[in-house]
C-alpha cells in the first residue's frame, strides 16, 4: 500500500538528518527517571516462596517435546518441565536426577538405572521405569520425527524389570551413552500411549515432573509456568516464571530499562559499554558472566591446497592474534581456547596453550612451505599461484563477520590475500558445507560436556551431511576417538581425550579463536544467585532463587 | 455486469494455479530444506535421521510430484501442516479425534496484522486527505511547504530508528506507553473495557510507525490530484456559477481527485495481510511478516506456500475490487464495463 520507499531517501537525506538532530535535542533534554528506591535492593533477605520472574527470549518454542522440537528455545522451557534420568552437577559432572544410582556392568555393555522411590508426575500419577522404557521406545520409533535418535538406536535391548529399575544393553560398550541419558526428557506413558507423538496436543499442553508446569501459553507473546508442588527434585521457590518472546535485543533491553522484565541475555556492548556508563542501572540490575558452551573457529578445507600442508595451517594460526579478536569482537568478553572442551572441566587439558601471536614465525613457516613473494605484489605465491582464499560464514551473525574481517587484516600482513563472503544459513549449509565447496569457514562448535567428538573429527565422518566437513583425517586421532567411545572409566577417558586435544592443536585443522561469555542481567530483587557463577552457569540453581515479598512488582502480584 | 464479474472470477483460477506453480518452483530453488535448518548442524542429529525426515515430508520426491501432492491437498482447501512448528495447521484450526483444537498459524497471525494495518490505513486517510487538500489549496505558500517537508521527513526517516527512539522516549523515560507486545501481563484478569484500553495502548506506537511511510505517499497523491483537478474547466465553471468555495473544493474537486486513490487502495488490499518484519520484531508482535520471514528462513514450505497463495488470491481480488469501485465512482468507466 505505501508506495515504494527508497527513492526519496538520498535526496532528502539532509532533511532526515535535520530531523535526527531535532530528535536528539529532544532526547538530550530528558534523563531517565529513576523511581526513588523505597526498599533496599542490596539488603539481605531470608529466602521465601512466591513471586513472579519475567524474562525475555528471542525465540518461541515450536513445541515442548524436546526430542521433536530441537531448537534451543524449546529445550530452555521444556527443561523446566521435564526431568531426565541424569543431569550435570555445578561442576559439569554427571549425577542422578530421576535416577538414584546407576551401575555399569563388568563388560561395559549394560547400564542399570535405579530410580528414586516415590516419584510422581505433576498430575499425581506415579512415575516409574515403564515411563522411561516408553520414552526410549518413542525416540527410536521409525514414525517419530526426531533427528536425535542415533544415540538411542545403539541400545540393543531395553527393559524395565520392576517399577524402579531400567536397564539398557548395548551391542558394544558405548561411553557417550551415560551423557545421552542426561539429554532425554522422560515423557509420561499414561498420557501419551497410543497417540501420534508428531501431532499430539501434549506438545502444547505438557505434563512433566520437574520444578514447573505449564500455566498458559499465548502464542507469539509468552509462556507462563507455575510451580509444580509434586516436583521430583523438591519444590522451587519462585511461584511463577514468565517468558516473553521479544525477538529484537534492543527492545528487550528497553523493557529491562523500564523494569518490565527481570532478566535477559546481554550483548557485549550492552554489558561492557552501556552498563558502566549508567551507574543508576547497576544500582538495580546485577550482571553475571559465565563461560558459554561454544567456541568459534576458523576451519580449513583440508582436501584442498594450500590447507593440506600443516605448515600453512600453523602459519595462519601464528598469524592470528586471538586476544585482538576477543577484544575487538567481544569487547574482551571471551577466552581463548586450546582444545574443543570447556576450560575448567576435566576434559580440558590444563597444559595446552593456544598458538601465540607470532607473525615472524608464521612467515618462516610459509617460507618453509615454499611460499615467497616472487613478483613483489605483497602477496606470497608458489609456482605462480598467489596464496589467496575465500573465508565464508553465515550472515546475520555479526561477531563471525567481524571476526573474519580481523582475520583478513592479520593475514594480509603476512602476505595472504583473503576475501570474505556471508551467506544465508540454509544456503550456507546445503550449498557450501554439505558439498565441501569452500576454502575456509568461520563457524562455531559446542564445547562438549560429553567428550566424544567422533562425529566431528573421525575420518569416517566426511560424507555429505556429516560433520567432519573440513576433511580431517589422522589415524592416531581416529584410534583415540574409537577408544574413547569404548572406555567408560572417566579417568582413563580423560587421558585419551587429553592426548586427542594435543594432536588436534599440533595439527591445527582449525584455528580456535575464542569462547564467548554468556552475559546475563538479573534484577537485584532476585536473590539466591551464586556469584561467581559455577561452571554450569547461574541458572543451575534457578529453583533456589527467590524474590522477597518487599521487592516484588505490585502489578503482577496483585493477580 | 454479472457476465463481466463471472468472467473475471473464472480467469482468476488459472492465474492462481500459475502463480502457485511459479512460487513453488522458486522457493524450492533456494538451497536447503527443513532438515538443514532444524537441527541441521547438531552433531547429535545423524544424517540417517535427517534422510528419514526428508522421506516423511516427501522432500526426496521430484519437484513436480511434490507440487502435485501440494495441489491435491489445496484442491480441498487444505493448506497442510507446518514442518517446523510441531505440525501446526498452516491456515485454519483442526480438531483431532479427542476434540482438541489446534489453531492455525495464519489464523492466529492474520487478525493481528489486519488490525494494525486497517488501523494504520484509517490513520493515513484521516491525516493524509486534509493535509493533501490543504497543501493543494495553498500551493507554493508556507502551509504547502511545511506539509511537503513534513511528508518527506516522514518518508525518509527509517522506521526502525524512529520506533526505537519513541519506545525509549515514551516507554522508558516517560513510562506512558508499553514498549513491546500486544497485551500486558495481567491481561486475562482485566475487565472487558480495561482490556480494550490495554490493547489500544499497545497499538499506538506500532500503528503510528506503520502509518508513517504511507502517510507521505498518500498526502502527495491527494495534493497532486487536487492540483490537477483544480485547474480543470469545470472547476472554473463552478466558481463562475458563484458556488461557495467549500462546495467547489469538497464536492466538485475532491471527488474527482480521489479517483486514482481508489486504484491505490484496491492495490493495497493484499498489503493488508503483510506485516513488516522489522516493526514486528521490534514491537514483539506475532504478525504475518515475522511468520513469513521465519518460515522462509526455516524452509518451512507449507507455511511459505500458504501465505503466498493467500496473498496472490487477495491481490487478484483487490484488483477486481479496485476496478469495480472505479466503475462505481466514475460513470465513464461504468459505461465501458457494462458494454
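Nothing in this text is a laboratory measurement; each read-out follows from the coordinates by a stated rule. Just so you know, these numbers come straight off a predicted model, no measurement behind them. Cβ sites come from the backbone with ideal geometry, for glycine too, and all protein chains shown count toward neighbours.
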With a bin width of 5 angstrom, please list the P(r) values of the range B:41-86 as percents of all Cα-Cα pairs, from the 0 bin to the one holding the largest distance.
6, 17, 20, 25, 17, 8, 6, 2
Go ahead and collect, in residue order, the members of the range A:332-367 whose backbone nitrogen is under 19 Å from a label point 7 Å along the Cα-Cβ direction of residue A:506.
A:338-341, A:348-356, A:365
Label residue A:95 and residue B:10 with points 7 Å out from Cα along Cα→Cβ: what is the distance between them in nm?
7.7 nm
Hey, fewest Cβ within 10 Å first, where do B:180, B:191, A:72, A:430 land in order?
B:191, A:72, A:430, B:180
Just for the Cα atoms in the range A:375-424, what are the lengths along the principal axes, largest first, rounded to whole Å?
38, 18, 11
Return the equivalent ellipsoid semi-axes of the protein assembly as shown as a descending list in whole Å, where each equals the square root of 5 times an eigenvalue of the C-alpha gyration tensor.
52, 35, 31
Just to be sure I understand the model, the point goes 7 Å from the Cα along the line to the Cβ. What's the resulting residue A:49 to residue A:120 distance in nm?
1.3 nm
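What FRET efficiency comes out for the pair residue B:267/residue A:154, r = Cβ-Cβ distance, R0 = 45 Å, nearest 0.05?
That gives a FRET efficiency of 0.15.
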Using Cα pairs closer than 8 Å and at least 6 residues apart in sequence, work out the relative contact order for chain B, in percent.
24 percent
Take the Cα coordinates of the range B:1-99, assign each an equal point scatterer, and use the Debye formula without solvent to give log10 I(q)/I(0) at q = 0.11, 0.13, 0.23, 0.25 Å⁻¹.
-0.48, -0.64, -1.32, -1.39
P(r) of the range A:87-158 over all Cα-Cα pairs, binned every 10 Å from zero, in whole percent:
16, 38, 40, 6
How big is D, in µm² s⁻¹, for the range A:115-155 by Stokes-Einstein at 10 °C and 1.306 mPa s if Rh is the Kirkwood radius over C-alpha pairs?
136 µm²/s
Relative contact order (%) - chain A, alpha-carbon pairs under 8 angstrom, separation at least six
20 percent
When 1/r is averaged over all different Cα pairs and the result inverted, which Kirkwood radius in Å belongs to the range B:154-230?
14.6 Å
Evaluated at 25 °C and 0.890 mPa s, the Stokes-Einstein D of the range A:292-352 based on the Kirkwood radius over Cα pairs, in µm²/s, stands at 183 µm²/s
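Report the FRET efficiency, 1/(1 + (r/R0)^6), for residue B:321 and residue B:250, where r is their Cβ-Cβ distance and R0 is 35 Å, rounded to 0.05.
Once the sixth-power term is evaluated, E becomes 0.90.
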Ranking A:375, A:259 by Cβ neighbours within 10 Å, fewest first, what do you get?
A:375, A:259
Measure nothing fancy, just the Cα-based angle from helix B:47-56's long axis to the longest principal axis of chain B, in degrees from 0 to 90, nearest 10.
60 degrees
Can you give the translational diffusion coefficient of chain B in µm²/s, computed by Stokes-Einstein from the Kirkwood radius over Cα pairs at 20 °C and 1.002 mPa s?
91 µm²/s
Descending semi-axes in Å of the range A:324-366, equivalent ellipsoid built from Cα gyration tensor
23, 17, 6
Residues B:71, A:275, A:300, B:91 in order from fewest to most other beta-carbon atoms within 10 Å are B:71, A:275, B:91, A:300
Cα-based Rg (one decimal) and Dmax (whole number) for the range A:69-123, in Å?
13.9, 40
Pop a pseudo-label 7 angstrom from the Cα along the beta-carbon direction at both residue A:40 and residue A:495 and give the gap in nm to one decimal.
5.6 nm
Helical mean residue ellipticity (222 nm; -39500 (n - 2.57) per DSSP H run of 4+; nearest 500) of chain B:
-22500 deg cm²/dmol
With a cut-off of 17 Å, note down the residues of the range B:194-222 whose backbone N falls inside the zone around a label point 7 Å from the Cα of residue B:170 toward its beta carbon.
B:197-216
Would you calculate, for chain A, the mean residue ellipticity at 222 nm contributed by helices, counting each DSSP H stretch of 4 or more residues as -39,500 (n - 2.57) and dividing by all residues, to the nearest 500?
-8000 deg cm²/dmol
Please report, to one decimal in angstroms, the Kirkwood hydrodynamic radius of the range A:429-559 built from all distinct Cα-Cα pairs.
18.7 Å
